[in-house]
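Inspection log for the structure reproduced underneath, given as structure tokens.
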């Protein structure tokens, strides 16, 4: 895979499949009690979902830090789906990367293609 593909505007498939995203969205909706589009790392139910995976806390913290792209202590539905994907990877024994790979970056958080004027961002 071309590491510069994001900068060239070439679409890269997201690692989270549509089927998994739909499944993770159901969980997300039950956790997003205030319906603001985010779940907080401080929410006991969110912590519970992470802790019941049985992964060590340092691994869970690494997953949260990878997914909390804006480092605001909250995850949107895409970030939450990515966290669940990474949890599944880690429980399967697959080593987590130190940083998000281009195909792991949630689609709405990816840089705009170089030809974009950004006009769509004001909507």
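What the table shows:
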read-out: Residue in segment 67-86 that is surrounded by 11 or more Cβ atoms within 10 Å (Cβ to Cβ) and modelled with pLDDT under 95 present; value: yes
read-out: Positions within segment 61-94 being in a loop (DSSP other than H, G, I, E, B) and more than 13 Å from the chain's Cα centre (by Cα), in sequence order; value: 72, 92, 93, 94
read-out: Sole exception among (1) loosely packed, with under 12 Cβ neighbours inside 10 Å; (2) under 20 Å from residue 25 (Cβ atoms) for residue 57, by number; value: (2)
read-out: Residue match in segment 111-120 (condition: surrounded by 11 or more Cβ atoms within 10 Å (Cβ to Cβ), touching a helix residue (DSSP H, G or I) at 6+ places or on another chain (Cβ under 8 Å) and either assigned to a helix (DSSP H, G or I) or at positive phi (or both)); value: no
read-out: Search result, residues across segment 11-22 that are loosely packed, with under 12 Cβ neighbours inside 10 Å and free of Cβ contacts under 8 Å to residues at least 60 places away in the same chain; value: 11, 18, 19, 22
read-out: Filtered residue count, segment 24-43, keeping only those that are touching a strand residue (DSSP E or B) at 6+ places or on another chain (Cβ under 8 Å) and over 15 Å from residue 87 (Cβ atoms); value: 3
read-out: Yes/no for residue 58 being outside any helix (DSSP H, G or I) and either free of Cβ contacts under 8 Å to residues at least 60 places away in the same chain or touching a helix residue (DSSP H, G or I) at 6+ places or on another chain (Cβ under 9 Å) (or both); value: no
read-out: Residues within segment 2-32 that are in a loop (DSSP other than H, G, I, E, B) and either at pLDDT 95 or above or in contact with a helix residue (DSSP H, G or I) (Cβ under 7 Å, 6 or more places away or on another chain) (or both), tallied; value: 10
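The values are calculated or read from the model by the stated rules, or taken from the named source; none is laboratory data. Computed from a prediction, not measured in an experiment: that's the story for all the values here. Neighbour counts are summed over all protein chains in view; Cβ atoms, including those assigned to glycine, are modelled from backbone coordinates with ideal geometry.
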